[in-house]
Each structure stands twice: as structure tokens, then as C-alpha cells.
Amino acid sequence: MAGSISSAGKPLWLLAELTYRCPLQCPYCSNPVDIARYREELDTEDWFRVLRQARAMGATQLGLSGGEPLLRRDLEDIIAEARRLGYYSNLITSGVGMDDDRVAAFREAGLDHIQISFQASNEELNNYLGGSKTFAHKTAMARSVKKHGYPMVLNIVLHRHNIDQIRDILDMTVALNADYVELASTQYYGWSRINVEQLLPTREQLVGAEAAAREYQEKLKGRMKVIYVVPDYFENRPKACMNGWGAIFLTIAPDGSALPCHAAAQLPDLVFPNVRDHDVDWIWNDSPAFNAFRGFDWMKEPCRSCPEQEKDFGGCRCQAYLLTGDPRNADPVCGKSPYHHRLQEEVERLGQLAATGVEKPLVFRNMKASKRLMEEEAVAALASEEQAVRSE
Amino acid sequence: MFRFQWEEAQDCYVLLYPEGMVKLSPSAGEILKRCDGEKSVAAIITGLSEQYPNADLADDVLKFIEEAVNHGWINI
């Protein structure tokens, strides 16, 4: 931007989380656990303003996500405005809340791309994981998307309960004539972190899944693109999370909070600016939150002197916080992190636990569970305050 | 699936596709700008040659068009 002295890049990727309401209840949802807090959603004009401001700064890709973005009645209006401004818009949806007419309306409004999620390849498991009977409808919507001339992009989140069916999942996507398939390993933030004991696949499962994914990638070359990413808990170098903090990604939560990544709200001691109070230019270039982990100066060892810092930016801040207690630490996925062995031990422990077959029930993502978890957290915080007072 | 447009903030033509963007060199931009679904490859080369009379560009244009077809950016 003219006049800006910040070394920030451009917010090329704008993720608009239009609502956290959702008819599905997937226990690995990447939304924050305190979704019940986000009742005051931005209105249509707010979103138009955000779209205009981010576009003026160079944003080109727009993700329309949630929760379930189809629950927003103004979705068609937001799409039309995005098209008018020159965005490439991507609708990221469960398909629930859509019918053939609405797909036609999205086409008319100028939507560029629709990605539909499936929970599994068979009806029973799909409906169990999503907490609702959606499989048949999703299948119909996948066909409808293709019928209206869109490339069909399917997304399936993998975890212990469905990873062994990876071949069935890929066969299903072939039968649906998908163009792209994303097999996304669960990442353990928010709801999935709560359910990590029940969701983390075992090493044996991963070996099988990876072999199957490679085989299908080879077999389907030129017909269907299969993207498969290994869950990072099993790696020894971290992912280049968000391509760096405040580098290209800008997420706007349903209440207008601006975040450098959709999971960042859980980080401590940061005040995330709101688009109701500030313009996107200030938020991106000048707000303390967006500068907190930008570049390399914030790094501690081993990242500070690491030759790979420009490759992975120290990994994920949320993961560093969740697993080490300090978001400035190296992501413990990294073999150079002094906490790496702790993560490996946890992975081993969870693998042994999985082998026993004893399972806690999954916590499904819904407003009721969110409220309960928020209350429990508040109680725990009070208890630890009391503890602190006593020990003084 | 690909959308071709001028990007002011990038100061170049780009191709947008699901969750990604290709920044185009000035010459690639000039070629794709002329790919309107109507003109033949020969007509595109003629047009470019008129605009840039000092360049021998036929081979480069053909090479780029082949690449663009391979990427799925255009159909011929």
C-alpha cells in the first residue's frame, strides 16, 4: 500500500468464515471450541466493506467458509459482490443447505469453485461422524456441482475412524467423477484436539493409507488429482504454517475478528482486531497481533539460528502453544525442538491406547457442547486462581 | 476453471484457479489476452507481429501456447 513502510506482503488469501452455525457436528472441526461465543455475526454490508478493503490491498482468492456458509441467506449477494470486485471465490461447504437451484444461482452470481466435504465413503459412518443424515444429499450435490460446469473438488478429513477405508473413499470419488480430491489429515486444534485420543491414526494405519494414496495418484494421473498430506504429528519437520504469520492469509471470523489463521484465536496475550473497529489495511499492516510473529525477529532458539527458518517459519504458532505452552517456541513437530520427544511420546501413548480398543466417546461439535466446554474451562480457570491465591 | 485477469496489485496479468494464482510474464499476458476463443493461433501470431514488428516471435508463441494447453489454461 502506498505510504506503508511495513514489510508485510499482501493478504492474497481472504478466508471469510461467514458463520459458525452448522448442521453438522464433526468431532474434528477446525473451528474454535468456543463457537457459542460468536453469536453476533457481521452483516452483509460489513462483509462487502471487508471484501472491498482486502481487494484493494491485492487479495485475489476468497474462501467462503464457516461453520456452514450456506446458512447465510446473503451468500448469493456476497458471491456477486466478490465477483464484481474480481475475486476468485471458493465455496467450502458440506453441501447441506444447497439444492440444484441454489447451485445454479451461485453460478449466475459468479461463484468460481465449490468444494464439498464428505465424512466417509459409506452412509453409516458418514452420518455418524457428521451427526446427521447427509450422505445421500452430499452425493446428489456433488453431481449437481459437476452438472453446472464446476470442477468437482471433494474433501475428506482423515482420522483413525475412516483412514482404513481410504481405498473405498477414493473409489467413491472416482465414481462421482471428481476432478480434485483432498485427503486432509486431521490437524489437532480446537475440537479435534479435545478428541485427539480417539482420532489420531496409528503408525500402521498411516503406512497403509500412504501406500494406497500413492497407488491411486499413479493410477489416476491425468484424470483426477489426489492430494494427500501426512498428519504432521508423525513428521520431524514442521509445516510452513500459513506460509508464515501475516504473510498471505487473512481470516475474518463470523464476529469480525481478524486472524492470521483460522485457529489463532486460541493463542494467549494477543488482541485480535475487529473489522467493525478498524480497516483491513491497518489490521494487516499495523496491528500488533498481525506483527506478533511476522518475519523472523520473534523467534527463539532453535529457530533463531536455523537455516531452515525461511522454509517453514518455525512451523505452527498454535501447535507450539498447545504442546509447549509458549507460542514463540519452535513447533514441536520439528526434530530440533527440545519438546519433540514429548510429542513423540504422546503419539506412542495414543497408539498404545488405540491398540487396547478402549475408547472414550467422541465429543461432537455443537453449540451445547461448546457452552459446556466453556463453562468447564471457566471453572478450571477459577480453580487455578484459587490455587495461586492459596500458595501465596 | 482458470480465470485470466489484470491484477493491479501485482502489476501483471494472472490466471486464477481454485485456491491458487499464476503470475504471468508480460509476453505470456500479451498472448493470453488475445486468446478469446475466436482467433486462430495464426491470427494471434499475426496480430502480435504487427504490434511488435522487430521481434521474431512465432516460435515463442507456439511454445507458450503448447505449454498453456498442457496446463489446461486454454483449449485449442
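The values are calculated or read from the model by the stated rules, or taken from the named source; none is laboratory data. Keep in mind that what you see is a predicted model, and the values were worked out from it rather than measured. Cβ atoms come from the backbone with ideal geometry, glycine included; neighbour counts cover every protein chain shown. Accessible surface areas use protein heavy atoms only, side chains included; no ligands, DNA or RNA. Shrake-Rupley method; radii C 1.70, N 1.55, O 1.52, S 1.80 Å.
Using Cα centres only, tell me the gap between region B:11-76 and region A:86-120 in whole Å.
Cα centres, region B:11-76 to region A:86-120: 30 Å.
Once you put a point 7 Å from the Cα of A:ARG214 and another 7 Å from the Cα of A:GLN387, both along the Cβ direction, what distance in nm separates them?
So the two model labels end up 4.6 nm from each other.
Leaving out ligands and nucleic acids, note down the accessible area per residue over region A:1-120 with a 1.4 angstrom probe, in whole Å².
Each residue of region A:1-120 exposes 36 Å² on average to a 1.4 Å probe.
Over region A:1-142, what is the relative contact order in percent, taking alpha-carbon pairs closer than 8 angstrom and at least six residues apart?
Dividing the mean separation by the residue count of region A:1-142 yields 26 percent.
Once you've got the Cα coordinates, tell me which of A:LYS146/B:LYS33; A:LYS221/B:LYS33; A:LYS133/A:LYS371; A:LYS147/A:LYS219; B:LYS33/B:LYS63; A:LYS239/A:LYS311 are over 19 Å apart.
Table pairs above 19 Å Cα-Cα are A:LYS146/B:LYS33; A:LYS221/B:LYS33; A:LYS133/A:LYS371; A:LYS147/A:LYS219.
I'd like the residues of region B:11-40 whose 1.4 Å-probe accessible area shrinks by no less than 40 Å² going from the isolated chain to the full set of protein chains.
Residues of region B:11-40 that lose at least 40 Å² of accessible area once the other chains are added: B:LEU16, B:PRO18, B:GLU19.
With an 8 Å cut-off on Cα pairs and a minimum separation of 6 or more residues, tell me the relative contact order of chain A in percent.
20 percent
Using only Cα atoms, find the angle between the long axis of helix B:58-70 and the longest principal axis of chain B, and express it within 0 to 90 degrees, rounded to the nearest 10.
Taking the Cα atoms of chain B, the angle to B:58-70 is about 30 degrees.
Hey, any idea what % of region A:1-117's accessible area is carbon plus sulfur with a 1.4 Å probe?
Its accessible area is 47 percent carbon and sulfur atoms.
Based on the alpha-carbon gyration tensor of chain A and its eigenvalue square roots a ≥ b ≥ c, which shape applies: rounded if a/c is under 1.5, prolate if not and a/b is larger than b/c, or oblate?
Because its axes are fairly even, with a/c under 1.5, chain A counts as rounded.
Under 13 Å from the 7 Å Cα→Cβ point of B:ALA9, by amide nitrogen: which residues of region A:271-300?
What the label zone holds, given the 13 Å backbone N cut-off, is A:280-285.
Which whole-number percent is the relative contact order of chain B (Cα, under 8 Å, 6+ apart)?
17 percent
Sort A:VAL229, A:VAL145, B:VAL22 by heavy-atom solvent-accessible area, probe 1.4 angstrom, most to least.
So, going from the largest accessible area down, we get A:VAL229, B:VAL22, A:VAL145.
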